[in-house]
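Take a look at the structure set out below.
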Amino acid sequence: MNLIVAVDKNWAIGKNGGLLVSIPEDMKLFRSETTGKVVVMGRKTLESFPGGNPLKNRTNIVITANPDYQKDGVIVCHSVEEALEELKKYDEEDIYVIGGETIYRQFLPYCKVAHVTKIDFAYEADTYFPNLDENPDWSVEESSEEHTYFDLEYYFKKYVNANPKEF
């Protein structure tokens, strides 16, 4: 299982239910990595998309505690355990966890690869991703050269988990 996330220098990922910044090259990477694949997210992440609609050309799995929640075009699961059971139907290399904070934290132990866009800037934020640089199970396998978007500097990094949990 994979995850994909953009973080600032403090591993922040969002504020008030939205992304910290939209970098076209990061969005392009997200599309190229996840199109045709399975994306796992929380309800609030789904609702942050335009019109609250699922991502096109992907299998959208949404986790919510609300037993009555339904949405066209998504597979609804009501717990991490239910989602992990559903995910057994897919090739684990085709699964991408896409947020938000709680979903990332719950699925991180099961992920083998983390695609992280690291932005060299500190934003005001209210949601965070666990700092993989401080986690001994995770190491950087690949790192891009520096990219810039206006005055922002950022890097694409691929982290690998030495001890992912089976699901």
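The values are calculated or read from the model by the stated rules, or taken from the named source; none is laboratory data. These numbers were taken from a predicted model, which means no experiment stands behind them. Note: ideal-geometry Cβ built from the backbone for every residue, glycine included; neighbour counts use all protein chains shown. Remember, those area values only see protein heavy atoms, side chains included, never the ligands or the DNA or RNA. Shrake-Rupley method; radii C 1.70, N 1.55, O 1.52, S 1.80 Å.
Having 2 or more residues that are open to solvent by less than 70 Å² (accessible area, probe 1.4 Å) and free of Cβ contacts under 8 Å to residues at least 60 places away in the same chain is the bar; report the strands (runs of 3 or more DSSP E) wholly within segment 4-69 that clear it.
On the way: elements: 12-15, 38-42, 59-63.
Where strands (runs of 3 or more DSSP E) fall fully within segment 4-69 and carry at least 2 residues being open to solvent by less than 70 Å² (accessible area, probe 1.4 Å) and free of Cβ contacts under 8 Å to residues at least 60 places away in the same chain, they are 38-42, 59-63.
Condition check ((1) among the small types (Gly, Ala, Ser); (2) touching a Pro at 6+ places or on another chain (Cβ under 6 Å); (3) modelled with pLDDT of 95 or more; (4) outside any strand (DSSP E or B)) across all residues:
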position: Val76; (1), (2), (3), (4): no, no, yes, no
position: Ala83; (1), (2), (3), (4): yes, no, yes, yes
position: His115; (1), (2), (3), (4): no, no, yes, no
position: Phe121; (1), (2), (3), (4): no, no, yes, yes
position: Ser139; (1), (2), (3), (4): yes, no, yes, no
position: Tyr159; (1), (2), (3), (4): no, no, yes, no
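Scan segment 133-145 and give yes if some residue there is in contact (Cβ under 8 Å) with a residue 40 or more places away in the chain and crowded, with 20+ Cβ neighbours inside 10 Å, otherwise no. Working first, answer last.
Step one: list which residues in segment 133-145 are in contact (Cβ under 8 Å) with a residue 40 or more places away in the chain, which gives none.
Looking through segment 133-145, none of the residues is in contact (Cβ under 8 Å) with a residue 40 or more places away in the chain and crowded, with 20+ Cβ neighbours inside 10 Å.
Return a yes/no flag: does segment 87-104 have any residue that is open to solvent by less than 20 Å² (accessible area, probe 1.4 Å), modelled with pLDDT of 95 or more and more than 15 Å from Val5 (Cα to Cα).
Yes, because at least one residue in segment 87-104 is open to solvent by less than 20 Å² (accessible area, probe 1.4 Å), modelled with pLDDT of 95 or more and more than 15 Å from Val5 (Cα to Cα).
Go through segment 70-79 and report how many residues are open to solvent by 20 Å² or more (accessible area, probe 1.4 Å) and either under 22 Å from Leu108 (Cα atoms) or of a type in the set (Lys, Arg) (or both). Talk me through it step by step, then tell me what you get.
Restricting attention to segment 70-79, the residues satisfying the condition of being open to solvent by 20 Å² or more (accessible area, probe 1.4 Å) are 70-76, 78-79.
Then drop every residue that is not either under 22 Å from Leu108 (Cα atoms) or of a type in the set (Lys, Arg) (or both), which leaves 71, 74-76, 78-79.
Selection size over segment 70-79: 6.
Would you please list the contacts, defined by Cβ atoms under 9 Å and residues six or more apart or on different chains, that run from a residue in segment 79-97 that is closer than 17 Å to Val113 by Cα to a residue that is in a helix (DSSP H, G or I) and not aromatic (Phe, Trp, Tyr)?
Ile95/Leu87; Tyr96/Glu33; Tyr96/Thr34; Val97/Ile103; Val97/Gln106; Val97/Leu108
Out of segment 141-157, which residues are charged (D, E, K, R) and assigned to a strand (DSSP E or B)?
From segment 141-157, those charged (D, E, K, R) are 141-142, 145-146, 151, 153, 157; that's our starting set.
Glu141, Glu142, Glu153, Lys157, listed by residue number.
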